[in-house]
Amino acid sequence: MLELAGVSCINDGMVLFERISMTIPNATHVYLRGENGTGKTSLLKTIALLRPIELGKIIWDGAWVKEIKIKYKSSLQYVGHKQFFIPELSCIDNLFYVLSLYGELTTRESIQRILEISGMIEFSDTPFIMLSAGCKQKLSLAQLFLRENLKLWLLDEPFINLDANSSNWFNSAQSDFVSKGGIIIESTHTKRAFEGQQIILTKSHEVVTDD
């Protein structure tokens, strides 16, 4: 379970959101909505501990994340707009590289299975720099399947650049993750139908929740 207790974000002296308090139980998909500039990305990065918590607390399974930082970060994966793959490395080697950052090892066969389920197997040996925008996004999403202990996905507009087939695949993957008890917080600005809890950030710094 994830809890936000009075969490605020200030960027260059400007308040993006303030005093967000909510509880997100396991097996929940939360949609984070709002216009550009309302702080969706900043909130995701704050929850991922990629930016400082200006005010308030984040609590994971009853413990303050500041006191269980390593355990908490090992339970989550953030996928944002910026991709940190090495341009000259192949897709398979880039996933090995990402996994090594967490101090974990796996087999080539395991990585190939991940590339297969994400529709990227034919690009296993293709350098990242040679991929289309859609394939680069699918490789980013493939990171979500590298570590089996993940309980929290933090996704910044994950459907960007995906075609219809890839979108259907990832919709199914999200449903499967949530059905197994996972939590997803996904930012979006699309007007598609939502099934799940919504957090709407406004430019007046208001936060609206809608179950």
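When segment 52-82 is limited to residues that are assigned to a loop (DSSP other than H, G, I, E, B) and exposed (fewer than 15 other Cβ atoms within 10 Å of the Cβ), the one that is nearest to the chain's Cα centre (by Cα) turns out to be H81.
If you take the residues in segment 39-51 that are part of a loop (DSSP other than H, G, I, E, B) and without any contact (Cβ under 8 Å) to a residue 40 or more places away in the chain, which one is farthest from R19 (Cα to Cα)? Working first, answer last.
We begin by selecting, within segment 39-51, every residue part of a loop (DSSP other than H, G, I, E, B); these are 39, 48-51.
Narrowing further to those that are without any contact (Cβ under 8 Å) to a residue 40 or more places away in the chain: 49-50.
Details: L49: 17, L50: 19 Å.
My answer is L50.
How many residues, within segment 21-51, are of a type in the set (A, V, I, L, M, F, W, C), under 18 Å from Y72 (Cβ atoms) and surrounded by 15 or more Cβ atoms within 10 Å (Cβ to Cβ)? Break it down stepwise before answering.
The first filter runs over segment 21-51 and keeps only residues of a type in the set (A, V, I, L, M, F, W, C), leaving 22, 24, 27, 30, 32, 43-44, 47-50.
If we keep only those that are under 18 Å from Y72 (Cβ atoms) too, we end up with 22, 24, 30, 43-44, 47-50.
Then keep just the ones that are surrounded by 15 or more Cβ atoms within 10 Å (Cβ to Cβ); that gives 24, 30, 43-44, 47-49.
Qualifying residue count, segment 21-51: 7.
Once segment 120-155 is narrowed to residues that are in a loop (DSSP other than H, G, I, E, B) and within 13 Å of the chain's Cα centre (by Cα), the residue that is farthest from L101 (Cα to Cα) is K151. Does at least one position in segment 14-30 carry a residue that is out of contact with any strand residue (DSSP E or B) (no Cβ under 9 Å at 6 or more places or on another chain) and farther than 23 Å from G181 by Cβ? Looking for residues that are out of contact with any strand residue (DSSP E or B) (no Cβ under 9 Å at 6 or more places or on another chain) and farther than 23 Å from G181 by Cβ, one finds at least one in segment 14-30, hence yes. For segment 97-119, the set of residues classified as of a type in the set (A, V, I, L, M, F, W, C) and either part of a loop (DSSP other than H, G, I, E, B) or under 19 Å from the mean Cα position of the chain (by Cα) (or both) consists of V98, L99, L101, L105, I114, L115, I117, listed by residue number.
So, L144, is that one touching a strand residue (DSSP E or B) at 6+ places or on another chain (Cβ under 9 Å) and surrounded by 12 or more Cβ atoms within 10 Å (Cβ to Cβ) or not? Outline the logic, then answer.
Details: touching a strand residue (DSSP E or B) at 6+ places or on another chain (Cβ under 9 Å): yes; surrounded by 12 or more Cβ atoms within 10 Å (Cβ to Cβ): yes.
Criteria met by L144.
Quick one: is S204 at pLDDT 95 or above and hydroxyl-bearing (S, T, Y)? Judged against the criteria, S204 is not a match. Can you tell me which residue in segment 93-114 is surrounded by the fewest Cβ atoms within 10 Å (Cβ to Cβ), limited to those that are over 21 Å from A173 (Cα atoms) and acidic (D, E)? Applying the filter and picking the extreme gives E104.
The values are calculated or read from the model by the stated rules, or taken from the named source; none is laboratory data. Keep in mind the model is a prediction, meaning the values are calculated, not measured. Please note: Cβ atoms are built from the backbone with ideal geometry, for glycine as well, and neighbour counts cover all protein chains shown.
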